[in-house]
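One structure is given below, encoded as structure tokens.
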Amino acid sequence: MRRRIFGQTATAVVLGLLAPLSGCGTSAGSAADGGTLFLVAAEYGDTPATSSAAFWSKVSTDFTAANPGIKIEVKLLPWADIDREVTKMVKAGKAPDMALMGSYSDFAAQNRLYSADELLSVAAEANFLPPLAEAGSVGSTLYGLPFVASSRLLFYNEALFDKAGVKAPKTWNELKAAAKALKAKGVAYPYALPLGPEEAHAEAMIWELSNGGGYADSSGNYSLASPQNIKTWNWVKEELVTPGLTGPVPPSRLNRADAFAAFLRGEVGMLNGYPSLHHEARARGISVGTVPMPLSDDLGTGQVPPAVGVADWMMAFKQNGKREQIGRFLRFVYEDENLSDFAGRYHLLPATVSASRALDGSDGMDKTDTEFLTALRSAQLYPVNDPSWMVVSDTIKRNIGRAVEPGGDPKAVLEDMAAKARQAGGH
């Protein structure tokens, strides 16, 4: 099975919010009540006003009105906690009926999840965007139901580019030339390179794909220390980091959230971003251009590597034996109107073909959103369908920044990560 690169979405700064909805209490034990379904979901909002609680309250109320006798209890957890907390619930024998989070394959490997064909109609299962459905499948069986997604494009501050007299880059050398011109004009972060532990695996994947590399080879095996990847990080270190083109904070200490905040302050010339950042920048009066990630000058003519995609996964646990009720609720949640509503609240992309088409043809999606959707349709995804991915991704996040530090050896760092991936059980 070929791995696809997909992963945990970092779509918002999250609250430590625990929100029971529908008046059903807060204990996981209430899931044993035949009339109540318990969902643990990540919190997407960054303030009480933007909390996901409003969406789940509306959906739960509407569902119960259409399905008397089935109530929905929703507990919202921060992204930083949800994987760990759901794992604790499962190990304690108190699995929720459903969870919406960034990983699923470890539970699938333990045979704890219902498959999509046990919950949805054939038409509903076939409605997921193909790259997402592949990433949500173990073997040929879909366990992780993609919910919302995004892809990555290169953002550039148009005002800073005009001031520096440069155009949007298409190649690495053009990116370097633009960064040098931006630095000469006093831009703090000509190219923001967030390789801090928050989300370094996303930035790393974007660079590696743009040189024909990536996390997996054509057979689906991890290839963290491939010749292409080694060459990529040698170039990034020597051509961007060492000349001081990535800003005042060492890349190994620059987290994605901090890079985005600097972009919103007008201190960044270029960085890789996703739809919600674009909308927030525009709301602050920053004129943003978007282009695909520039390609290595070594790639042959006509080679167009895929963009990196990011998604979150809905899963249904078998423990409480509520397959029929869960299926009814999920079919309701995945209706175009509901899925598009959630995606629109956070400037994300719905994971189904029909909702994407409906949004693409409405006033809810602008030109840039359409560019992200186009990129998503052929995106390459993190190998979330490999049970070792959580360990491997953590290894990447905590180590890839060392490759570009002064005195760092990209080849040695990548080979060390590859060895740790093998120890984790990765192929």
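The values are calculated or read from the model by the stated rules, or taken from the named source; none is laboratory data. These figures come from a predicted structure and were not determined experimentally. Using ideal geometry, Cβ is built from the backbone for each residue, glycine included, and neighbour counts are taken over all protein chains shown. The protein model used for the area step is the full one, side chains on, heavy atoms only, and it has no ligands, DNA or RNA in it. Shrake-Rupley method; radii C 1.70, N 1.55, O 1.52, S 1.80 Å.
Of all residue pairs spaced 6 or more apart or on separate chains, those with beta-carbon atoms under 6 Å, a first member in region 414-425 that is open to solvent by 60 Å² or more (accessible area, probe 1.4 Å) and a second member that is β-branched (V, I, T) and not in a loop (DSSP other than H, G, I, E, B) are K420/T395. If you go through region 250-266 and keep only what is assigned to a loop (DSSP other than H, G, I, E, B) and either within 27 Å of D297 (Cα to Cα) or at pLDDT below 95 (or both), you end up with P250, L254, N255. When A80, A123 are checked against the criterion of being open to solvent by 10 Å² or more (accessible area, probe 1.4 Å), more than 16 Å from R323 (Cα to Cα) and free of Cβ contacts under 8 Å to residues at least 12 places away in the same chain, A123 stands alone in meeting it.
Residues in region 292-344 that are in contact with a Leu (Cβ under 7 Å, 6 or more places away or on another chain) and free of Cβ contacts under 8 Å to residues at least 40 places away in the same chain: S340 only. Assessment of region 162-175 against the conditions (under 26 Å from Q423 (Cβ atoms), free of Cβ contacts under 8 Å to residues at least 60 places away in the same chain and out of contact with any Pro (no Cβ under 7 Å at 6 or more places or on another chain)) yields no matching residue. Checked against (1) in contact with a helix residue (DSSP H, G or I) (Cβ under 8 Å, 6 or more places away or on another chain); (2) of a type outside the set (A, V, I, L, M, F, W, C); (3) surrounded by fewer than 20 Cβ atoms within 10 Å (Cβ to Cβ); (4) under 25 Å from A54 (Cα atoms), D106 passes all but a single condition, namely (4). Return yes or no: is P68 outside any helix (DSSP H, G or I) and either touching an Asp or Glu at 6+ places or on another chain (Cβ under 6 Å) or open to solvent by less than 10 Å² (accessible area, probe 1.4 Å) (or both)? No.
Within region 400-412, residues that are in contact (Cβ under 8 Å) with a residue 24 or more places away in the chain and under 17 Å from P248 (Cα atoms) reach partners that are of a type in the set (A, V, I, L, M, F, W, C) and surrounded by 15 or more Cβ atoms within 10 Å (Cβ to Cβ) with beta carbons closer than 7 Å, at six or more positions or on different chains, in the pairs G401/L195; G401/A200; R402/V413; V404/L195; V404/W233; V404/V236; V404/V241. Considering only residues that are part of a helix (DSSP H, G or I), farther than 19 Å from A202 by Cβ, open to solvent by 10 Å² or more (accessible area, probe 1.4 Å) and not small (G, A, S), which ones fall in region 280-328? Scanning region 280-328 gives R282, R323, E324, Q325, R328.
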